[in-house]
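S.K.: My questions all concern the structure below.
The values are calculated or read from the model by the stated rules, or taken from the named source; none is laboratory data. Small disclaimer: the values here were computed from a predicted structure and weren't measured. When we count neighbours, we look across all protein chains shown, and the Cβ atoms used for this are built from the backbone with ideal geometry, even at glycine.
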Amino acid sequence: MFSKRNKAHPFTSPPLLTVVIDTEEEFDWAAPFDRNSRAVKNIQHQHLAQEIFKKHAIVPTYCIDCPVVEDDTAINILKDWADQGDCLIGTHLHPWVSPPDDEEVNRVNSYAGNLPYELEKAKLSRLTDLIEKKTGRRPEVFKAGRYGAGPNTARILKQLGYRVDLSVVADTDFSHDSGPNFIDLPSQPYWFDVAGTRLLELPNSRGYDGLLARWGSFLYPRLAGAEGFRSLMAGVLVKSGLLERIPLTPEGIRAEDQKRMVRRMCAVGKNYFNYAYHSSSLMVGGAPYVKNAQALEVFLEDMESFFDFFINDMGGEPKTPLEMHDLLSG
């Protein structure tokens, strides 16, 4: 996968932040995957967050999938923002709604990295070309749907001209669901080598708080796994004040928890953060995290509160993934 890598890049202050939206169709997350579930009305709600981004001089990255780019209303909203310099457009591959439709639709194949090389490449190549046709810009930033990078993904990204990948979830193992295992990969940006070309990995942020936060990346996966009795250890670690893992997302994570995680991570020298959520969370009922108008209001208030904290209290700087690429290339 992305194991051929250099050491994670060391940072000094100020802390740096990218904002990445998994920009996709709204669907029932509890239902089986469905090729015909392609509604993208949630894109018409993205202005709610875009107003917050603009206030804080944040240029977010909308990684878009096939149903989004095929819908003229949806893609034109995002293209207008990109043309104005107010967002970056990347690629997000949901294989079950991306042609060619040559595989069986099931949980295993919902991770594109499980598909044969030629099929994974064909799906990503068609989607990349379609985004370029509809926006006038060839995307250079990729995030696998369901974080489903596989053994061929990096080679395909290199062949299609991508410079940055956003698929890795630090300290997380999805193999119980037939997905990738990211245990022992860095939580900070790093380069990986593909046939003589370097690609930048910007991992999804899973930070820690507690007395053992400095060693969280090593300890947490081993002490508090995702399944069985080990999951009970997560609660024990939190209640004891020893170790708590906190994803950097407004989806189910309140701003105050995000803030204390960022403070602790900066204190132990980890200064890059990747803030992420799903576009469907901005439409009431579009995702499990926002079920009513009040929940949406809290969601947006937490976004506003966190960005104000990161930029004004922590002295942090927002960057796009391509700006991170250029910064770390220097």
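S.K.: Would you mind finding the one in Met265, Met233 that is surrounded by fewer than 21 Cβ atoms within 10 Å (Cβ to Cβ), in contact with a helix residue (DSSP H, G or I) (Cβ under 9 Å, 6 or more places away or on another chain) and part of a helix (DSSP H, G or I)? It would help to see each step written out before you state the result.
M.R.: Values: Met265 fails: surrounded by fewer than 21 Cβ atoms within 10 Å (Cβ to Cβ).
After ruling out the rest, the residue left standing is Met233.
S.K.: Could you tell me which of the residues Arg254, Arg245 is more than 14 Å from Pro15 (Cα to Cα) and at pLDDT 95 or above?
M.R.: Values: Arg245 fails: at pLDDT 95 or above.
Just one listed residue meets the conditions, Arg254.
S.K.: Restricting to the range 152-178, name every residue that is under 18 Å from Ser205 (Cα atoms) and buried (at least 18 other Cβ atoms within 10 Å of the Cβ). Spell out the reasoning first.
M.R.: Let us first name the residues in the range 152-178 that are under 18 Å from Ser205 (Cα atoms), namely 164-174.
Residues satisfying the conditions are Val164, Asp165, Leu166, Ser167, Val168, Val169, Ala170, Asp171, Thr172.
S.K.: For the range 15-30, what are the residues that are at pLDDT below 95 and not aromatic (Phe, Trp, Tyr)? Even if it seems obvious, please write down each step before you answer.
M.R.: Within the range 15-30, the first condition is being at pLDDT below 95, and the residues that meet it are 27-30.
Matches in the range 15-30: Asp28, Ala30.
S.K.: Okay, next question. Being in contact with a Gly (Cβ under 9 Å, 6 or more places away or on another chain) and either in a strand (DSSP E or B) or surrounded by fewer than 19 Cβ atoms within 10 Å (Cβ to Cβ) (or both) is the filter here, so list the residues in the range 136-151 that pass it. Spell out how you get there, then give the answer.
M.R.: So the first thing to find is which residues in the range 136-151 are in contact with a Gly (Cβ under 9 Å, 6 or more places away or on another chain), and the list is 138-144, 146-151.
Result: Arg138, Val141, Phe142, Lys143, Ala144, Pro151.
S.K.: Further, regarding this structure: If I go through the range 312-326 residue by residue, how many of them are assigned to a helix (DSSP H, G or I) and under 20 Å from the mean Cα position of the chain (by Cα)? If you could, list the steps in order and put the result at the bottom.
M.R.: The initial filter retains those residues of the range 312-326 that are assigned to a helix (DSSP H, G or I), namely 312-313, 321-326.
The next check asks that each one be under 20 Å from the mean Cα position of the chain (by Cα); those that pass are 321-326.
Qualifying residue count for the region: 6.
S.K.: Give the residue, chosen from Leu185, Leu211, Leu219, Leu200, that is among the hydrophobic types (A, V, I, L, M, F, W, C), without any contact (Cβ under 8 Å) to a residue 40 or more places away in the chain and surrounded by 15 or more Cβ atoms within 10 Å (Cβ to Cβ). Write out each step before concluding.
M.R.: Values: Leu185 fails: without any contact (Cβ under 8 Å) to a residue 40 or more places away in the chain; Leu211 fails: surrounded by 15 or more Cβ atoms within 10 Å (Cβ to Cβ); Leu200 fails: without any contact (Cβ under 8 Å) to a residue 40 or more places away in the chain.
Only one candidate passes the filter, namely Leu219.
S.K.: Still on this model: Go through the residues of the range 165-174 one by one and say whether even a single one is farther than 24 Å from Val19 by Cα and either outside the structural domain of Arg222 (by TED's automatic domain parsing) or not in a helix (DSSP H, G or I) (or both). Show your work before the answer.
M.R.: Going residue by residue through the range 165-174, those that are farther than 24 Å from Val19 by Cα are none.
There is no residue in the range 165-174 that is farther than 24 Å from Val19 by Cα and either outside the structural domain of Arg222 (by TED's automatic domain parsing) or not in a helix (DSSP H, G or I) (or both).
S.K.: How many residues are surrounded by fewer than 17 Cβ atoms within 10 Å (Cβ to Cβ) and either touching a helix residue (DSSP H, G or I) at 6+ places or on another chain (Cβ under 8 Å) or not assigned by TED's automatic domain parsing to the domain that holds Val59 (or both) when one looks only at the range 243-255?
M.R.: 2
S.K.: Do you know which of the residues in the range 195-233 that are modelled with pLDDT under 85 and aliphatic (A, V, I, L, M) is nearest to Ala276 (Cα to Cα)?
M.R.: Here the answer is Ala226.
S.K.: Is it the case, given these coordinates, that Leu248 is under 17 Å from Leu300 (Cβ atoms) and of a type outside the set (Gly, Ala, Ser)? Spell out how you get there, then give the answer.
M.R.: Details: under 17 Å from Leu300 (Cβ atoms): yes; of a type outside the set (Gly, Ala, Ser): yes.
Answer is yes for this residue.
S.K.: Before we move on, is Gly90 assigned to a strand (DSSP E or B) and assigned by TED's automatic domain parsing to the domain that holds Ile21?
M.R.: Numbers: assigned to a strand (DSSP E or B): yes; assigned by TED's automatic domain parsing to the domain that holds Ile21: yes.
For Gly90, the condition - assigned to a strand (DSSP E or B) and assigned by TED's automatic domain parsing to the domain that holds Ile21 - is met.
S.K.: Where residues in the range 62-105 are in contact with a Pro (Cβ under 8 Å, 6 or more places away or on another chain) and over 23 Å from Gln50 (Cβ atoms), which of them is surrounded by the fewest Cβ atoms within 10 Å (Cβ to Cβ)?
M.R.: Residue satisfying both the conditions and the ranking: Val105.
S.K.: State whether one or more residues within the range 78-86 are under 21 Å from Phe27 (Cβ atoms) and either hydrophobic (A, V, I, L, M, F, W, C) or out of contact with any Lys or Arg (no Cβ under 6 Å at 6 or more places or on another chain) (or both). Give the steps one after another, and end with the answer.
M.R.: In the first step, residues of the range 78-86 are kept if they are under 21 Å from Phe27 (Cβ atoms); the result is 78.
Then drop every residue that is not either hydrophobic (A, V, I, L, M, F, W, C) or out of contact with any Lys or Arg (no Cβ under 6 Å at 6 or more places or on another chain) (or both), which leaves 78.
The answer is yes, given that some residue of the range 78-86 is under 21 Å from Phe27 (Cβ atoms) and either hydrophobic (A, V, I, L, M, F, W, C) or out of contact with any Lys or Arg (no Cβ under 6 Å at 6 or more places or on another chain) (or both).
S.K.: Scan Leu296, Leu282 and give me the residue that is more than 18 Å from the chain's Cα centre (by Cα), buried (at least 19 other Cβ atoms within 10 Å of the Cβ) and within 27 Å of His92 (Cα to Cα). It would help to see each step written out before you state the result.
M.R.: Values: Leu282 fails: more than 18 Å from the chain's Cα centre (by Cα).
The unique qualifying residue is Leu296.
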